[in-house]
Amino acid sequence: MRFEFATAGRIIFGPGAVKEAASAAKELGKRALVVTGRSGVRAASLLGDLDTAGVACSTFEVGSEPTIDLVRRGTSQARAEQCDLVIAIGGGSVIDAAKTIACLLTNGGDPLDYIEVIGAGRPLSLPAVPIIAVPTTAGTGSEVTRNAVITSPEHKLKASLRSAGMLPRIAIVDPDLTLDMPPKLTASTGLDALTQLIEPYVSLRANPMTDAISTEGIRRIRTALPCAFRNGQDREARSGMSIASLFGGLALANAGLGAVHGFASPVGGMFDAPHGAVCAAMLPHVIRVNVRALRVRMPESDGLRRYESVARLLTGKPDASPEDGAAWIAGLCTDLEVPPLRAYGVRDEDIPGLVAKGAKANSMKANPILLTEEELKEILALAL
């Protein structure tokens, strides 16, 4: 057995942890590009702390999922301001944009030089300028991953840049920053976190470290997600979700993902559908089709045993089957009012194109079984 495990250089977790960001920043650079979400409200206190600490700042807003043009603008601004540090405070889109900008500052060139599938896919040979990532949602785990997802409206696709040098120098996970997340966002990001715990666990690249992290995350999310959805001010539930999201990021960065994320990129690129909502709509159907395919073509596979373990963790029943796990997730999606893909404009006639793109996605390579074209079409049809 051989495996590697890589993550952020330092992880700080706990209520109020964001107050440590300014002192950490002072040790890493003199002038920071602070990448924020649309409102920038959560960043206001941090900006004040940075000013007090003597760290000069330039702010850059990411109002939606990052595009190639947006990261070009952010990189140009960071260069013009001579930033030697990038701080991200926001959701996964904000952090992905920040990581991309930080890498382009040192490696030069254009995003398309490095993006997979639609770009040249060149390696990012130089480490990024120091990155501090502060998530304000609980779902993507982007604060501890070595990739960034960027949208290309021209290609109608989301694609990734990947490099170990993209890992944040410091990840600061403060559950208090998630207290005001609305129920809809809590549901979609939370189910994204669940997906990013299950897919690495059943992945062909799973290893003992990611197994331990994934199972602990699944155990926590089982109770934390419904509670956080019902009561956003439940600090225990929010803490549980922040840990689960962090663990999902750690797991996916080191064991890969699967068919849910294989489809998430083309669906998110072709339609105005948030990443977490797409994952939520597809997760139970991918599990059902994967399990059926494993039973028929690989009945002795480790994948079936792993899906059984997932089902037992989620249902609390020692004799739960993989199908019971899929049913539990489907019920959770109903309770959390998760809309189907049709709500975002996906139609039956879009299925062949989505399958063609999804089959080429990097995430598909780690799925526990190679799915046929008909099985991929079935997943999308069920998710509509």
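The values are calculated or read from the model by the stated rules, or taken from the named source; none is laboratory data. What you see is a predicted model, and the numbers here were worked out from it, not measured in a lab. Counting neighbours? That spans all protein chains shown, and the Cβs are built from the backbone with ideal geometry, glycine included. The area values use the complete protein model at the heavy-atom level, side chains included, leaving out ligands, DNA and RNA. Shrake-Rupley method; radii C 1.70, N 1.55, O 1.52, S 1.80 Å.
So, in region 265-277, of the ones that are outside any loop (DSSP other than H, G, I, E, B) and within 11 Å of Leu341 (Cα to Cα), which residue ends up farthest from the chain's Cα centre (by Cα)?
Pass one, region 265-277, residues outside any loop (DSSP other than H, G, I, E, B): 265-270, 275-277.
After this cut, where a residue has to be within 11 Å of Leu341 (Cα to Cα) as well, the list is 267-268, 277.
Working: Val267: 15, Gly268: 13, Ala277: 12 Å.
Applying the filter and picking the extreme gives Val267.
So which residues in region 178-196 are in contact with a helix residue (DSSP H, G or I) (Cβ under 7 Å, 6 or more places away or on another chain), over 23 Å from Gly269 (Cα atoms) and surrounded by 22 or more Cβ atoms within 10 Å (Cβ to Cβ), if there are any at all?
First, the residues of region 178-196 that are in contact with a helix residue (DSSP H, G or I) (Cβ under 7 Å, 6 or more places away or on another chain): 178-179, 183, 186-196.
Filter again for over 23 Å from Gly269 (Cα atoms), leaving 178-179, 183.
Selection gives Thr178 alone.
Report whether or not Glu154 is of a type in the set (Asp, Glu), under 19 Å from Ala273 (Cα atoms) and in contact with a His (Cβ under 9 Å, 6 or more places away or on another chain). Before the answer, list the steps.
Working: of a type in the set (Asp, Glu): yes; under 19 Å from Ala273 (Cα atoms): yes; in contact with a His (Cβ under 9 Å, 6 or more places away or on another chain): no.
No, not satisfied.
Does at least one position in region 11-23 carry a residue that is over 23 Å from Ala244 (Cα atoms) and modelled with pLDDT of 95 or more?
As a first pass, look at region 11-23 and keep what is over 23 Å from Ala244 (Cα atoms): 22-23.
When the remaining residues are screened for being modelled with pLDDT of 95 or more, the result is 22-23.
Taking every residue of region 11-23 in turn, at least one turns out to be over 23 Å from Ala244 (Cα atoms) and modelled with pLDDT of 95 or more.
Within region 160-177, how many residues turn out to be open to solvent by less than 20 Å² (accessible area, probe 1.4 Å), over 13 Å from the mean Cα position of the chain (by Cα) and farther than 20 Å from Leu85 by Cα?
2
List the residue pairs whose Cβ atoms are under 7 Å apart, where the first residue sits in region 115-143 and is closer than 25 Å to Lys360 by Cβ, the second is aliphatic (A, V, I, L, M) and open to solvent by 30 Å² or more (accessible area, probe 1.4 Å), and the two are 6 or more positions apart or on different chains.
That search, which allows pairs on different chains as well, returns Gly119/Leu112; Ala120/Leu112.
Restricting attention to region 1-29, which residues are part of a loop (DSSP other than H, G, I, E, B), out of contact with any Asp or Glu (no Cβ under 8 Å at 6 or more places or on another chain) and open to solvent by 30 Å² or more (accessible area, probe 1.4 Å)?
Met1, Arg2, Phe3, Glu4, Phe5, Thr7, Gly9
State yes or no: is Ser188 over 15 Å from the mean Cα position of the chain (by Cα) and of a type outside the set (Val, Ile, Thr)? First the steps, then the outcome.
Working: over 15 Å from the mean Cα position of the chain (by Cα): no; of a type outside the set (Val, Ile, Thr): yes.
No: the conditions fail for Ser188.
Is it true that Ile243 is of a type in the set (Val, Ile, Thr), open to solvent by 10 Å² or more (accessible area, probe 1.4 Å) and farther than 28 Å from Gly358 by Cβ?
On the way: of a type in the set (Val, Ile, Thr): yes; open to solvent by 10 Å² or more (accessible area, probe 1.4 Å): yes; farther than 28 Å from Gly358 by Cβ: yes.
Against the criterion (of a type in the set (Val, Ile, Thr), open to solvent by 10 Å² or more (accessible area, probe 1.4 Å) and farther than 28 Å from Gly358 by Cβ), Ile243 qualifies.
Got a number for residues in region 199-212 being more than 20 Å from Ala264 (Cβ to Cβ) and crowded, with 24+ Cβ neighbours inside 10 Å?
Keep residues of region 199-212 that are more than 20 Å from Ala264 (Cβ to Cβ), which gives 207-209, 211-212.
From the residues that got through so far, the ones that are crowded, with 24+ Cβ neighbours inside 10 Å too are none.
Residues that pass the stated criteria total 0.
Somewhere in region 158-171, is a residue at pLDDT below 95 and more than 27 Å from Pro368 (Cβ to Cβ)?
Yes: region 158-171 contains one or more residues that are at pLDDT below 95 and more than 27 Å from Pro368 (Cβ to Cβ).
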